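Novice: Attaching a single structure in structure tokens format; questions to follow.
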Amino acid sequence: MAKKPGIPKGTRDFSSIEVARRQYIMQTIRHHFEHFGFHPIETPSFENLETLLGKYGEEGDRLIFKILNSGDYLSKADQTLLDEKNSLKVTSQISEKALRYDLTVPFARYVVMHQNELDFPFKRYQMQPVWRADRPQKGRFREFYQCDADVIGSKSLWQEVELVLLYDRVFTALGINGVTIKLNNRKILAGIAEVIGASDKLIDFTVALDKLDKIGEEGVKKEMIEKGIDEKAIEKVQPLFNFTGSFEEKIEKLRQLLAESEQGTKGVEELTFVGKEIAQIGLSTATLNLDVTLARGLNYYTGAIFEIGAPDTVQMGSIGGGGRYDDLTGIFGLKDMSGVGISFGLDRIYLVMEELNLFPATVNAASKVMFLNLGEEEMSYAMQAVARLRDAGIKTEIYPDKAKMGKQFQFADKKNIPFAVLAGSEEIQQQKYTVKNLVSGEQQTVNLEELKDLVR
């Protein structure tokens, strides 16, 4: 007996309607990317392992899918390591490539390799799948799409302002009203660590703080202690666990808290600029919120940090995020190339729109028209109209086999095709077509031009 087929955990098959809806989201995002001056690029699905390792922090590195070398991949492995079953050390000997974890590091590699062909500042967008060996759960998959927009080669804070506006435009266009654009700055976090005397534990501090929504205040404190951060230092950041007020009020609290930190003060100034400009321009449906617990534990962020919260009516993790990285390309030898970028989480956006019933009725994969098969001569006549309708941009298909008319109508109905066209001997003689509206049941006989207008 054949084994029942399956797919790996954290991956999915997509039906026609799901693909149509995903394409609708991507087309909307792409439209606004291009209206904001971003240009598309694509990079390979897998990179050299050394390109990816060490760029995402210890936790991120563990989630990278490694690809085994071709052929007898164990032949060159150190026998001692194999006998010891030391998987961490033997990995570099049996795997030279890995599936990309995100689109940002491959983008940095792309910029370094093609720097002489690019005009800076370079604005690119990229919409491709990425892979993470994460534990699958609602809204978290092992294979998923990212939709990224980045600007590299400019330190101007106007780029941060533009990205906030871009987020607002896209979610407004998708009908997802009430998203929260959470904003923080890595300099703020560094300043706080400096003020409490834990600068040497900055990464541990930020990674733990970033988990506040998931594990709560006590969970964060426990992790900080486990990472060697002093309890007295943790007491000094107690106000951060209940940091409330308007954007301006939070800025003023930070200004006082970080007065003795040069780096922290710089972060406050940067946040002040972005908040002031966004307040003057205004957002359509999103809200800008200063969130000092936002860290997005990636090592390469150095300035602004973004994260998008879904509307309060939906239980969902972040649906987008990003930040500024002053020297990401430096890891590949190109120094002082500042960049800032954001990402839209396609899969989670889909779940939000599905839960809120936001997909327009017009977004579907069904054909608009199906021609019934009444015989060889009749189909020969019908195909002339089929070609003309397709030329006019109308999705049209035929029923390929001659079968009972009821079966053909039933097929069209199951596929949610609104119009069925019959072309029999009488229609051929009159050079017309009989059209049946499968929604209303109305039926009429028309010529080709009238058929186009009717089904359009």
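The values are calculated or read from the model by the stated rules, or taken from the named source; none is laboratory data. All values derive from a computational prediction rather than experimental measurement. Every residue, glycine as well, gets a Cβ built from its backbone with ideal geometry; the counts of neighbours run over all protein chains shown. We work out accessible area using only protein heavy atoms, side chains counted, and drop any ligands, DNA or RNA first. Shrake-Rupley method; radii C 1.70, N 1.55, O 1.52, S 1.80 Å.
Novice: Filter the GluC sites (Glu not before Pro) in the range 257-344 to those in DSSP coil with at most 13 other Cβ atoms within 10 Å of their Cβ, and list the result. Please report the intermediate quantities before stating the final value.
Specialist: On the way: sites: Glu260, Glu262, Glu269, Glu270, Glu277, Glu307; in loops: Glu260.
Taking the range 257-344 and a limit of 13 other Cβ atoms within 10 Å, the loop GluC sites (Glu not before Pro) found are Glu260.
Novice: Take the Cβ-Cβ distance between Gln256 and Ala279 as r, set R0 to 22 Å, and report the resulting FRET efficiency rounded to the nearest 0.05.
Specialist: It comes to 0.55.
Novice: Output the 0 to 90 degree angle, nearest 10, between the alpha-carbon long axis of helix 262-281 and the longest principal axis computed from the alpha carbons of the chain.
Specialist: So the inclination is approximately 30 degrees.
Novice: When the Cα centres of the range 30-67 and the range 156-199 are compared, how far apart do they sit, in Å?
Specialist: Their Cα centres are 20 Å away from one another.
Novice: Right, next: Please determine, in degrees from 0 to 90 and to the nearest 10, the orientation of helix 158-173 with respect to the longest principal axis defined by the Cα atoms of the chain, where the helix direction is its Cα long axis.
Specialist: For helix 158-173, the angle is close to 40 degrees.
Novice: Does anyone have the angle between helix 212-226 and the longest principal axis of the chain? Alpha-carbon axes, 0 to 90°, nearest 10?
Specialist: 30 degrees
Novice: Once you have the Cα-Cα distance between Lys3 and Glu442, take 0.36 nm times their residue separation minus that, and quote the gain in nm to one decimal.
Specialist: Working it through step by step, the gained length comes to 153.2 nm.
Novice: Just going by the charge dipole of the range 346-456, with Lys and Arg at +1 and Asp and Glu at -1 on Cβ, which of Leu451, Met405, Val363 is farthest out on the positive end?
Specialist: Val363
Novice: Helix-only mean residue ellipticity at 222 nm, the chain, DSSP H runs n ≥ 4 weighted -39,500 (n - 2.57), per residue, nearest 500. What is it? Please list the in-between numbers first.
Specialist: Details: 18 runs with 190 residues, N = 456.
So the helix-based figure for the chain works out to -12500 deg cm²/dmol.
Novice: Ok, one more. Mind checking which of Ile319, Gly6, Ile342 is farthest towards the positive end of the chain's charge dipole, using Cβ charges of +1 (Lys, Arg) and -1 (Asp, Glu) about the Cα centre?
Specialist: With unit charges placed on the Cβ atoms, the residue in question is Gly6.
Novice: Another question, if that's okay. Using a 1.4 angstrom probe on heavy atoms only, work out the carbon and sulfur share of the accessible area of the chain in %.
Specialist: Ligands and nucleic acids excluded, carbon and sulfur give 48 percent.
Novice: Taking θ as phi - 60°, what are the ³J(HN,Hα) couplings along the range 443-456 by the Karplus curve (6.51, -1.76, 1.60), each to the nearest whole Hz, with x for Gly and Pro?
Specialist: Per-residue couplings from phi come out as 9, 8, 10, 9, 8, 4, 5, 5, 4, 4, 5, 5, 8, 5 Hz.
Novice: Once you have a ≥ b ≥ c as the square roots of the Cα gyration tensor eigenvalues for the range 350-416, tell me rounded if a/c is under 1.5, and otherwise prolate or oblate according to whether a/b is larger than b/c.
Specialist: Verdict is oblate for the range 350-416.
Novice: Kindly state, to the nearest 0.05, the FRET efficiency for Asn69 paired with Ala403, given R0 = 30 Å and r defined as their beta-carbon distance.
Specialist: In this case the efficiency is close to 0.05.
Novice: With +1 on each Lys and Arg Cβ and -1 on each Asp and Glu Cβ, and nothing else charged, work out how big the dipole of the range 1-118 is about its Cα centre, in Debye to the nearest 20.
Specialist: Here the size comes out at about 540 debye.
Novice: What is the gain in length, in nm to one decimal, between Ile428 and Ala392 on full extension, counting 0.36 nm per residue of separation less the C-alpha to C-alpha distance?
Specialist: Here the answer is 10.8 nm.
Novice: May I pose another question? Are there trypsin sites (Lys or Arg not before Pro) in the range 1-87 that DSSP marks as loop and that have at most 14 other Cβ atoms within 10 Å, and which are they?
Specialist: Loop-located and lightly packed - Lys3, Lys9, Arg12, Lys76, Lys85.
Novice: Would the range 319-456 count as rounded, prolate or oblate if I go by the C-alpha gyration tensor, calling it rounded below 1.5 in a/c and otherwise prolate when a/b exceeds b/c, oblate otherwise?
Specialist: Here the range 319-456 falls in the prolate category.
Novice: So if I place +1 on the C-beta of Lys and Arg and -1 on the C-beta of Asp and Glu, and nothing else carries charge, what would the dipole magnitude of the chain be about its Cα centre? I want it in debye, nearest 20.
Specialist: On the way: 58 positive and 66 negative charges, 222 e Å.
Computed charge dipole of the chain: roughly 1060 debye.
Novice: Also, I was wondering about something else. According to a simple spin-label model (label point 7 Å from Cα along Cα-to-Cβ), what is the distance in nm between Thr244 and Asp134?
Specialist: Each label point lies 7 Å from its Cα, and together they span 3.1 nm.
Novice: If you don't mind, there's one more thing I want to ask. Just subtract the alpha-carbon distance of Gln384 and Leu88 from 0.36 nm times their residue separation and send over the number in nm, one decimal. Walk me through the numbers on the way to the answer.
Specialist: Details: separation 296, 0.36 × 296 = 106.56 nm, distance 6.41 nm.
Extra length available between Gln384 and Leu88 comes to 100.1 nm.
Novice: Another question, then. What FRET efficiency would be calculated for the residue pair Leu118, Arg62, taking the C-beta separation as r and a Förster radius of 25 Å, to the nearest 0.05?
Specialist: With a Förster radius of 25 Å, E is 0.15.
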